[in-house]
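Notes follow once the structure below has been shown.
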Amino acid sequence: MNDGSIEAFSLPADGLASLATPEVQRLAARMAQDAFTRIFRLTLEGDEAALQAAVEEIERLSRNWARAASDEDSRALRQALLVSGIDQWGLAWCQAFGLTAIPAVSALLGALRNDLDAAADARFQQQFAAIEKIESDAVDFKMELRRNIHMALWHAMVACEERGEALAILAALGGMLAALTTHMPTLGWRLVADALASIQLRCLAEAAASTELARETNAALFTALRQNLPREISEPMFAHANQAVIAWQQSRRMH
């Protein structure tokens with residue numbers, strides 16, 4: 001659920017938009033999500049043949065998509081976006097579920113770089129570094145990616161039946177959200193506000209977090225962020241999230 005709240009802020013120009021439009025960036029984030037979730041599901045199912053076939057297919061489709069860009073730098077950036085996105089999904093899942101690694105994800109990330117010659121690999125590394133160097137660069141990719149990771153973890157948390165597992169995901173998700181405000185001083189708190197608004201809207205619109213454990217961990221997430229973030233960050237962050245929820249409620253009443 002995208003309320004458009006982040007986009008309403010005036011951010012510096014995206015220095016990578018000339019190489020990857022906002023639409024391409026959002027597509028890269030969704031492709032990374034699809035790739036990771038497919039591989040993780042097959043990993044859990046334990047079907048090695050299906051898993052290997054999926055890795056090979058995702059590698060081929062990803063490479064073809066990157067090659068479809070108009071020039072070498074744009075191709076390198078597309079590939080860097082995919083690798084960055086898949087890697088961030090893997091890191092988030094390892095942190096939340098206590099995994100040391102997801103071998104098939106590591107194999108895919110390696111495969112996506114294996115056939116690069118020295119010049120192509122240098123361009124890839126340059127674009128990969130450029131994504132993280134400036135907060136507002138590749139901003140549409142970052143927004144789509146982080147929103148989807150945060151909401152997937154939240155859904156996993158509120159769906160838990162085991163208290164220990166729910167609390168582990170809570171700790172990981174809360175840590176990720178808090179770390180964003182440090183890692184991205186300008187944009188981070190807005191990404192967290194977007195997550196908090198999306199969570200509240202899910203609860204209102206879909207009656208999500210309906211079990212006692214889900215309500216407990218959901219409330220604990222909000223409390224932890226209020227308590228552990230400086231007031232100059234938490235107050236505008238929660239105000240921004242609440243404004244998005246109020247706007248949604250008002251639009252519902254109008255219809």
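General observations
- Residue match in the range 212-224 (condition: touching a residue at least 24 places away in the same chain (Cβ under 8 Å), basic (Lys, Arg) and either more than 18 Å from Ala92 (Cβ to Cβ) or open to solvent by 20 Å² or more (accessible area, probe 1.4 Å) (or both)): no
- Hey, Ala171 assigned by the TED database to the domain that holds Ser234, among the small types (Gly, Ala, Ser) and in contact with a Cys (Cβ under 8 Å, 6 or more places away or on another chain) or not: no
- Yes/no for Leu145 being under 14 Å from the mean Cα position of the chain (by Cα) and modelled with pLDDT of 95 or more: yes
- Exactly one residue among Thr182, Thr186 is over 27 Å from Cys160 (Cα atoms), within 22 Å of the chain's Cα centre (by Cα), assigned by the TED database to the domain that holds Glu161 and not in a helix (DSSP H, G or I), and that residue is Thr186.
- The one condition in (1) open to solvent by 10 Å² or more (accessible area, probe 1.4 Å); (2) modelled with pLDDT under 95 that Ala241 fails to fulfil: (1)
- Evaluated against (1) within 24 Å of Trp189 (Cα to Cα); (2) free of Cβ contacts under 8 Å to residues at least 12 places away in the same chain, Gln95 falls short on exactly one condition, (2).
- Helices (runs of 4 or more DSSP H) (entirely within the range 53-139) containing at least 1 residues that are closer than 24 Å to Arg41 by Cα: 72-97, 103-114
- Yes/no for Ile134 being over 14 Å from the mean Cα position of the chain (by Cα) and under 17 Å from Thr186 (Cα atoms): yes
The values are calculated or read from the model by the stated rules, or taken from the named source; none is laboratory data. Model, not experiment: these values are computed from the prediction. Here the Cβ is made from the backbone with ideal geometry for all residues, glycine too, and neighbour counts use every protein chain on show. The accessibility values were calculated without ligands, DNA or RNA, using every heavy atom of the protein model including side chains. Shrake-Rupley method; radii C 1.70, N 1.55, O 1.52, S 1.80 Å.
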